[in-house]
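In what follows, a structure is listed as structure tokens, so that the remarks can point back to it.
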Amino acid sequence: MKQLIKPIALAAILAASGAVQAQTVLKIGYATSATSHYGVGSTVFCEEMEKGTQGRYKCQQFPNSALGGEREQIEAVQLGTQDIVNTSTGPLGNFVPEVKIVDIPFLFRDYDHARKVMDGPIGQDLQKKMEAKGLINLAWTENGFRHMTNSKRAINQATDANGLKMRTMENKVHMDGYKTFGILPTPMAFPELFTALQQGTVDGQENPIPVILASKFSQVQKHLSLTGHVYSPAALILSPAVWSKLSAADKAAFTDAAKKGAAAQRKKVNDDENNGIAQLKSEGMQVVEKVDGESFRKAVAPAYAAFAKEFGADKIAAIQAVK
Ligand code: EAX
């Protein structure tokens with residue numbers, strides 16, 4: 001029985017008729033594992049986005065820095081060679097300088113304060129500045145409060161950090177801030193970090209508990225100090241090449257899905273903070289839980305004059321004033 005019509009032609013006819021939905025697959029990348037806070041947030045976003053667009057859009061996820069470091073991925077999203085990145089704000093200041101204000105050490109009091117700032121007018125204004133630079137920030141997700149690890153000694157107070165060669169993100173505000181603790185900052189992309197710690201190229205690094213857990217830093221770092229010296233926001237950034245093609249309804253679906261992803265990511269950060277310390281101790285890390293935070297705040301205070309010059313004392317005060 002001669003085939004009346006070739007399958008490929010049938011598929012084309014069905015797709016054209018709308019009977020079969022054409023599906024667009026979007027590449028999304030992030031630094032840590034699929035089960036980490038970035039993985040949880042990205043998965044919820046992807047599921048909700050696919051549902052909200054009736055299956056017309058779906059994700060292909062690239063965890064574990066498979067698409068490169070965060071700076072590289074942000075650039076790829078800006079150029080349109082990558083569709084989405086779920087990234088910390090660490091390297092973001094290289095693309096949108098104003099965003100670096102959120103990286104100032106000891107600027108945020110706690111998670112409640114940080115989330116209120118990022119989800120409120122100040123965070124929305126930064127999203128507008130990002131859009132002007134070709135980065136569509138669908139929602140502020142979250143990396144978490146950063147803590148110090150190293151292979152040399154316990155850090156109880158700022159002077160204990162003096163002389164340590166610490167990897168930092170490619171972020172001048174972090175580097176200037178950490179220098180006031182006597183740290184020798186070494187900026188490095190995240191994918192190179194585990195090997196650098198393993199080989200002793202650097203003595204230590206600083207990251208939120210979720211990253212320390214997911215990256216298994218307990219295998220290469222003896223000491224953890226809960227310094228909480230910086231709140232590290234994160235952002236779910238979409239390429240303008242994708243955004244510009246979305247209908248108003250799909251734009252709303254993407255934004256709504258991003259908010260749900262952000263909520264899931266923040267919950268995972270809190271869960272990791274609550275359960276992660278015991279796990280890291282069981283993996284052999286020595287943990288200083290009661291750090292002399294005042295010694296770090298005193299040490300970094302002189303740098304605030306330079307931060308005020310760069311970002312505006314009023315802008316810093318506005319963040320601190322959010323209740
Ligand atoms: O966003 O580079 C870093 O230390 C970041 O915190 C990590 O990539 C997770």
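The values are calculated or read from the model by the stated rules, or taken from the named source; none is laboratory data. No experiment lies behind these values; they were computed from the predicted model shown. Neighbour counts run over all protein chains shown; Cβ positions are idealised from the backbone, glycine included.
Some values worked out for this structure:
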{"quantity": "Subset of region 84-95 (residues that are buried (at least 21 other Cβ atoms within 10 Å of the Cβ) and more than 14 Å from the ligand (Cβ to nearest atom))", "calculated": "84"}
{"quantity": "Residue among 245, 309 that is farther than 22 Å from residue 143 by Cα, outside any helix (DSSP H, G or I), out of contact with any Phe, Trp or Tyr (no Cβ under 9 Å at 6 or more places or on another chain) and of a type in the set (D, E, K, R)", "calculated": "245"}
{"quantity": "Unmet criterion (only one of (1) surrounded by fewer than 20 Cβ atoms within 10 Å (Cβ to Cβ); (2) in contact (Cβ under 8 Å) with a residue 24 or more places away in the chain) for residue 155", "calculated": "(1)"}
{"quantity": "Selection within region 223-251 - farther than 29 Å from residue 104 by Cβ and touching a residue at least 40 places away in the same chain (Cβ under 8 Å)", "calculated": "241, 242, 243, 250"}
{"quantity": "Some residue of region 226-241 being assigned to a helix (DSSP H, G or I), surrounded by fewer than 22 Cβ atoms within 10 Å (Cβ to Cβ) and modelled with pLDDT of 95 or more", "calculated": "yes"}
{"quantity": "Index of the failed condition, residue 108 passing every other in (1) within 16 Å of the ligand (Cβ to nearest atom); (2) not in a loop (DSSP other than H, G, I, E, B)", "calculated": "(2)"}
{"quantity": "Exclusive hit being within 16 Å of the ligand (Cβ to nearest atom) and free of Cβ contacts under 8 Å to residues at least 60 places away in the same chain, set 66, 31", "calculated": "66"}
{"quantity": "Residue, nearest to the chain's Cα centre (by Cα), within region 176-216, restricted to residues that are hydroxyl-bearing (Ser, Thr, Tyr) and either closer than 28 Å to residue 305 by Cβ or within 12 Å of the ligand (Cβ to nearest atom) (or both)", "calculated": "215"}
